[in-house]
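Here the structure comes first, spelled out in C-alpha cells, and everything after it is commentary.
Rule-based calculations on the coordinates, nothing more; no lab input. Everything quoted here is computed from the prediction, not taken from an experiment.
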Amino acid sequence: MAIQAELYSDNVGFPLCGSIDSAGNGNGGFNLFCFGHQQLQQQQLQHLQQFQIQQPGNQSFCFENNDESIDQFIKSQDERLRLLLQEQRKQKVSFMAEKLESKATLLLGQKDVELAKAANKTMELQNLLKKLEMENQAWRRVAQENEAMVVSLNNTLEQLQQQQQNQAGCCFDNGVDDAESCCGETEEENNRGFVETKNTFMVCKCCNSRSLCVLFLPCRHLCSCRDCAAFLDCCPLCSTAKKASIEALIS
C-alpha cells in the first residue's frame with residue numbers, strides 16, 4: 001500500500017492529459033481526459049508489476065545474506081568450541097601426564113632402592129660363597145696334609161721297626177760270634193746292649209736325653225722331643241724350616 005501511495009503521489013502534480021482549452025471543447029475534451037486517465041492507470045500498473053517482480057528477488061537476496069551470516073556465525077562458534085575443547089583436552093592430557101610422571105618417578109625410586117638392596121645382598125652372598133669355598137679348600141688341604149702325615153707316620157714307624165729288627169739281628173749275630181769265640185758274654189749282656197742301642201736311636205736329636213715324640217713338617221722327620229720342639233725353628237736332621245709339627249704317640 002505504501003508503494004501504491006508513492007506511485008499515486010508522484011502523479012499528483014502532473015496534468016491529466018490535455019490542456020484546459022481542450023477540456024472545454026465538448027466531447028473532445030472528455031475523450032482526451034478519459035484517454036489520459038487510462039494511460040495513467042496503465043503506467044501505474046506497469047510500475048507496480050515491475051516492483052512486484054523486483055521485490056521477491058530483493059527479499060530472497062536478504063534471506064540469502066541472512067543465511068550466510070548465520071552460517072558464518074555458526075562456523076565461528078563451532079571453531080571456537082573446537083578450539084576450547086582442544087585446549088581442555090590438552091590441559092587434561094598434560095595434567096594426567098604430570099600425575100603419571102610423578103607416580104612413575106616414585107615407583108622408579110622404590111625399584112632403584114630395591115635393586116640396590118638386592119645388589120648388596122647378592123654381593124654379600126657372593127662374598128660368603130667365596131669365603132666358604134676358601135674354607136672348603138683350606139679344609140681339603142688340611143685333610144690332604146693329614147692323610148699325607150698319617151702315611152708318613154706309618155712309613156716312619158715301619159722304618160723304625162725295620163731298623164730295630166735289623167739292630168736286634170746284628171746284636172744276636174754278634175752274641176753268637178762272641179759265644180763261639182769264647183768271650184764269656186752272657187745272654188743278659190746282649191739284651192742290655194740291644195736296649196741301649198734302641199734307647200740311643202729313640203733319643204731326641206737336640207737334647208739327647210728325652211724320647212722322640214714330635215714329627216716335623218714338611219720334612220716329616222721324627223727327631224725331637226716335646227720340650228725341644230717348642231724352641232726349634234728347623235729340623236735338627238735336615239735343617240728344613242719348620243712349618244708345623246705333630247706329636248706322635250709311640251708306645
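Can you list the lysines whose alpha carbon is less than 23 Å from that of LYS92, not counting same-chain residues fewer than 8 positions off? List returned: LYS103. Please give every one of the lysines within straight-line cross-link reach of LYS75, meaning a C-alpha to C-alpha distance under 24 Å, and leave out same-chain neighbours fewer than 8 residues apart. Output for LYS75: LYS90. Straight-line cross-link partners of LYS243 among the lysines, defined as a Cα under 28 Å from its Cα and at least 8 positions apart when in the same chain: LYS130, LYS131, LYS205.
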